[in-house]
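Below is one structure, written out as structure tokens; the observations come after it.
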Amino acid sequence: MNIGAGEALKIGVGRSLKNWRLALLVYTVNFLFAAVLALPIAAIFTKDVSRSLVGADLLKGFSYRWYVEFVHANSAFFASLFPQIVLIFSVYILVEIFFAGGFYSAFSSKERIKLKNFFAKGSSFFFPLFFVTLVEVALLVLLYIGNVLWVSVRQTDGGLVDYFVLRAELWRYGIVAVLFIVVNLLSDFIRAAVVIDDEGFWSKFGNGFIFAVRHPFSALGVYLGGTLISAIPIAAFFFFRFHEHPAAEFGIFIEIVVSQFIILFRIFSKLIFYAGEATLYKENQIEVIRVKPEMLE
């Protein structure tokens, strides 16, 4: 049974809700990573604010002037955090690759996955998915280099009127955006094939690539639909941030609670993204019957 992008996302929503424990797992991991980065900054922030009247003023709203002065006064401290930030970011990417194996496995099935099976799938597919990620990063780096070279070539062209310059820039941004989506789209469905299929690595690599090429509109629909769903909590966050809040501790508490719900919704949207791709690939993949010689006798 072949399904479209809308049906795949609809099924993905149901499977994400069925595996709600995975959302709590991702939330916990994200909280731990954020805490490791935030605690040192919070310590020096508390030390700086507690010795002045800035704390009361910050309850009334964000002060950009104070922020600039705070960063300038603690520039050495923030510079020392850079290696820690790079290390934590690198570990976070590795955890994301590990989780991807469990996600695609969990959402390709109608049954709720157990956490031990989730971790088992993540560990068994970590290195193949790591290789796919390296290929994706390499292609994105080449895309970035090509964009930089394009800009440098255009800057050497003189005598162009503003209309042609604007048109050339629009073409550049459009082509870069399309290629970026293509690289991400192919990489996602190659990951899905690596986890879901039962063949050799290179066969699965080719299966994911061929699937995205044969089902471009469905694959793009799931990709754009998942991206749109992911953008909803981001828009909700900015909408909430720009609203007026009571200048009191209770108002800050409410803001923190609402922000955490927005983050949890963002995590669910991420799971829906994985589930939509896994469902589309699982339901629409073409089963090829390999004819054995003895079957022809």
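The values are calculated or read from the model by the stated rules, or taken from the named source; none is laboratory data. Everything numeric here is computed off the predicted structure, so don't read it as measured data. Here the Cβ is made from the backbone with ideal geometry for all residues, glycine too, and neighbour counts use every protein chain on show.
With respect to PHE189, is the statement that it is under 27 Å from ILE263 (Cα atoms) and either touching a strand residue (DSSP E or B) at 6+ places or on another chain (Cβ under 9 Å) or modelled with pLDDT under 85 (or both) true? Talk me through it step by step, then tell me what you get.
On the way: under 27 Å from ILE263 (Cα atoms): yes; either touching a strand residue (DSSP E or B) at 6+ places or on another chain (Cβ under 9 Å) or modelled with pLDDT under 85 (or both): no.
Answer is no for this residue.
Looking at the stretch 206-223, which of its residues are in contact (Cβ under 8 Å) with a residue 60 or more places away in the chain, within 21 Å of the chain's Cα centre (by Cα) and buried (at least 18 other Cβ atoms within 10 Å of the Cβ)?
The answer is GLY208, SER218, ALA219, GLY221, VAL222.
Exactly one of these conditions fails for LEU139: (1) under 30 Å from ALA42 (Cβ atoms); (2) under 27 Å from the mean Cα position of the chain (by Cα); (3) modelled with pLDDT of 75 or more. Give me its number.
So the condition that LEU139 fails would be (1).
Which condition from (1) surrounded by 20 or more Cβ atoms within 10 Å (Cβ to Cβ); (2) of a type in the set (A, V, I, L, M); (3) at pLDDT 90 or above is the one that ILE229 breaks?
(3)
Quick check, is GLY158 modelled with pLDDT under 95 and not in a helix (DSSP H, G or I)? Talk me through it step by step, then tell me what you get.
Values: modelled with pLDDT under 95: yes; not in a helix (DSSP H, G or I): yes.
Yes, satisfied.
I want to confirm something. Restricting to the stretch 235-253 and keeping residues that are modelled with pLDDT of 70 or more and loosely packed, with under 13 Cβ neighbours inside 10 Å, which single residue is farthest from SER187 (Cα to Cα)?
My answer is PHE253.
Say we look at the stretch 163-201 and pick out the residues that are in contact (Cβ under 8 Å) with a residue 60 or more places away in the chain and not small (Gly, Ala, Ser); which of these is nearest to GLY102 (Cα to Cα)?
Among those that are in contact (Cβ under 8 Å) with a residue 60 or more places away in the chain and not small (Gly, Ala, Ser), it is VAL195.
What do you reckon, is ALA235 in contact (Cβ under 8 Å) with a residue 12 or more places away in the chain and of a type in the set (Gly, Ala, Ser)?
no
Taking the stretch 23-73, which residues are surrounded by 15 or more Cβ atoms within 10 Å (Cβ to Cβ), within 20 Å of ILE254 (Cα to Cα) and modelled with pLDDT of 70 or more?
Answer for the stretch 23-73, where residues must be surrounded by 15 or more Cβ atoms within 10 Å (Cβ to Cβ), within 20 Å of ILE254 (Cα to Cα) and modelled with pLDDT of 70 or more: just TYR27.
Would you confirm whether or not the stretch 22-30 contains a residue that is over 14 Å from GLY226 (Cα atoms), in contact (Cβ under 8 Å) with a residue 40 or more places away in the chain and polar (S, T, N, Q)? Talk me through it step by step, then tell me what you get.
To start, the set of residues in the stretch 22-30 that are over 14 Å from GLY226 (Cα atoms) comprises 22-30.
Adding the requirement that they be in contact (Cβ under 8 Å) with a residue 40 or more places away in the chain leaves 22-23, 25-27, 29-30.
Those still in the list that are polar (S, T, N, Q) too: 30.
Looking for residues that are over 14 Å from GLY226 (Cα atoms), in contact (Cβ under 8 Å) with a residue 40 or more places away in the chain and polar (S, T, N, Q), one finds at least one in the stretch 22-30, hence yes.
Which residues, counting only those in the stretch 104-116, are over 21 Å from PHE273 (Cβ atoms) and in a helix (DSSP H, G or I)?
LYS116
Can you tell me which residues in the stretch 97-119 are among the acidic types (Asp, Glu) and either at pLDDT 95 or above or crowded, with 24+ Cβ neighbours inside 10 Å (or both)?
None - no residue of the stretch 97-119 is among the acidic types (Asp, Glu) and either at pLDDT 95 or above or crowded, with 24+ Cβ neighbours inside 10 Å (or both), so the list stays empty.
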